[in-house]
1. Would you say residue 44 is open to solvent by less than 70 Å² (accessible area, probe 1.4 Å) and under 21 Å from residue 99 (Cβ atoms)?
2. Hey, does the stretch 64-75 have a residue that's free of Cβ contacts under 8 Å to residues at least 24 places away in the same chain, of a type in the set (D, E, K, R) and within 19 Å of residue 36 (Cα to Cα)?
3. Condition first: open to solvent by less than 60 Å² (accessible area, probe 1.4 Å) and closer than 11 Å to residue 52 by Cβ. Now tell me which residues in the stretch 76-93 satisfy that.
4. Restricting the search to the stretch 76-112, which residues are hydrophobic (A, V, I, L, M, F, W, C), assigned to a loop (DSSP other than H, G, I, E, B) and modelled with pLDDT under 90?
5. Out of the stretch 41-59, which residues are in contact with a Phe, Trp or Tyr (Cβ under 9 Å, 6 or more places away or on another chain) and under 14 Å from residue 83 (Cα atoms)?
6. Which of the residues belonging to the stretch 17-41 are touching a residue at least 24 places away in the same chain (Cβ under 8 Å) and open to solvent by 60 Å² or more (accessible area, probe 1.4 Å)?
7. Can you work out which of the residues in the stretch 1-38 that are in contact with a Cys (Cβ under 9 Å, 6 or more places away or on another chain) and not in a loop (DSSP other than H, G, I, E, B) is modelled with the lowest pLDDT?
8. Name the residue that is nearest to residue 23 (Cα to Cα), counting only residues in the stretch 61-75 that are at pLDDT 95 or above and open to solvent by less than 60 Å² (accessible area, probe 1.4 Å).
Amino acid sequence: MTLVRADEPGREMVKVGRRDGASRIWICDGKMPKGQTVGLHRHGGDEIFHVRKGTVRFHVDGKNIDVGAGHYVVVPPYTEHGFKILTDDAEMQFVGEIEMGEWVTVIEPKGQ
């Protein structure tokens, strides 16, 4: 067992991961400015987003949904996804699989 202090130096983004003895999952926290995006991509592991504050627009499997504080977005393996921060005060927690494979950027046939 490893006890982790989330506020210790060096844990600003990745809160728990392999260095703590985790073999299958990692947890990250993020405070992001309005307008920041993570482009469409996919990978081979589950990923869960917990919107803790603000509003985030998720694009998952061809659909957009605006998600507010207190909600989770669950993205299964190999599902195209990305997000855009809609408010200045957005905070999220991410949970994913260690070694979930490559992050594959999705590029449409016309190059966008």
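The values are calculated or read from the model by the stated rules, or taken from the named source; none is laboratory data. Please read all numbers here as calculations on a predicted model, not as lab measurements. Note: ideal-geometry Cβ built from the backbone for every residue, glycine included; neighbour counts use all protein chains shown. Side chains included, ligands, DNA and RNA excluded: accessible areas come from the protein's heavy atoms. Shrake-Rupley method; radii C 1.70, N 1.55, O 1.52, S 1.80 Å.
1. Details: open to solvent by less than 70 Å² (accessible area, probe 1.4 Å): yes; under 21 Å from residue 99 (Cβ atoms): yes.
Yes, satisfied.
2. Within the stretch 64-75, one or more residues are free of Cβ contacts under 8 Å to residues at least 24 places away in the same chain, of a type in the set (D, E, K, R) and within 19 Å of residue 36 (Cα to Cα).
3. Across the stretch 76-93, the qualifying residues are 90, 91, 92, 93.
4. Going through the stretch 76-112, the residues hydrophobic (A, V, I, L, M, F, W, C) turn out to be 83, 85-86, 90, 92, 94-95, 98, 100, 103-104, 106-107.
Then drop every residue that is not assigned to a loop (DSSP other than H, G, I, E, B), which leaves 86, 90, 98, 100, 103, 106-107.
98, 100, 103, 106, 107, listed by residue number.
5. Within the stretch 41-59, 41, 42, 47, 48, 49, 50, 51, 56, 57, 58, 59 qualify.
6. Passing the criteria: 18, 23, 24, 25, 31, 33, 34, 36, 37.
7. 14
8. This residue is 75.
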